[in-house]
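Chemist: Please read through the structure below; I'll follow up with questions.
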Amino acid sequence: MAPQFRSYVWDPALIVAQMVLLQAGYYSSLGLWLALLGTLGTTGPSLHQVFSDEILGFSTPPGRLSMMAFILNALTW
């Protein structure tokens, strides 16, 4: 019997693995965008840019670069 595309067997390990891989891919590409756009600004990429909502906004140049990285990441994902 040939393998099927959709498996109707409950596999929690597969679901958790898919969630972990999606999150890892999302944050990896966000870090890449932050690093690429960080070359335009004065600050390098940091975890503060990724996980803090204080830096997000259009009032400061680092905030604009972070917002651009989040928008570009959303478009690429």
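The values are calculated or read from the model by the stated rules, or taken from the named source; none is laboratory data. Remember, predicted model here, so these are calculated numbers, not experimental data. Every residue, glycine as well, gets a Cβ built from its backbone with ideal geometry; the counts of neighbours run over all protein chains shown. Just the protein is used for accessible areas: all its heavy atoms, side chains included, with ligands, DNA and RNA removed. Shrake-Rupley method; radii C 1.70, N 1.55, O 1.52, S 1.80 Å.
Chemist: Report, by residue number, each residue of the range 48-77 that is closer than 20 Å to GLN23 by Cα and exposed (fewer than 10 other Cβ atoms within 10 Å of the Cβ).
Modeler: Correct list: PHE51, ASP53, LEU75.
Chemist: Give ALA2, ALA24 a once-over and let me know the one that is open to solvent by 70 Å² or more (accessible area, probe 1.4 Å), of a type in the set (Gly, Ala, Ser) and either at pLDDT 90 or above or over 18 Å from the mean Cα position of the chain (by Cα) (or both). Walk me through it before giving the result.
Modeler: Values: ALA24 fails: open to solvent by 70 Å² or more (accessible area, probe 1.4 Å).
None of the other options fit; the residue is ALA2.
Chemist: Anything in the range 27-47 that is surrounded by 11 or more Cβ atoms within 10 Å (Cβ to Cβ) and at pLDDT below 80? List them, or say none.
Modeler: If the condition is that a residue be surrounded by 11 or more Cβ atoms within 10 Å (Cβ to Cβ) and at pLDDT below 80, then GLY41, THR43, PRO45, SER46 are the ones that fit.
Chemist: Need pairs with beta-carbon distance below 8 Å; first residue under 17 Å from GLY31 (Cβ atoms) and within the range 51-69, second aliphatic (A, V, I, L, M) and open to solvent by 100 Å² or more (accessible area, probe 1.4 Å); sequence gap 6+ or separate chains.
Modeler: Between residues of the range 51-69 that are under 17 Å from GLY31 (Cβ atoms) and residues that are aliphatic (A, V, I, L, M) and open to solvent by 100 Å² or more (accessible area, probe 1.4 Å), the close pairs are LEU65/LEU40.
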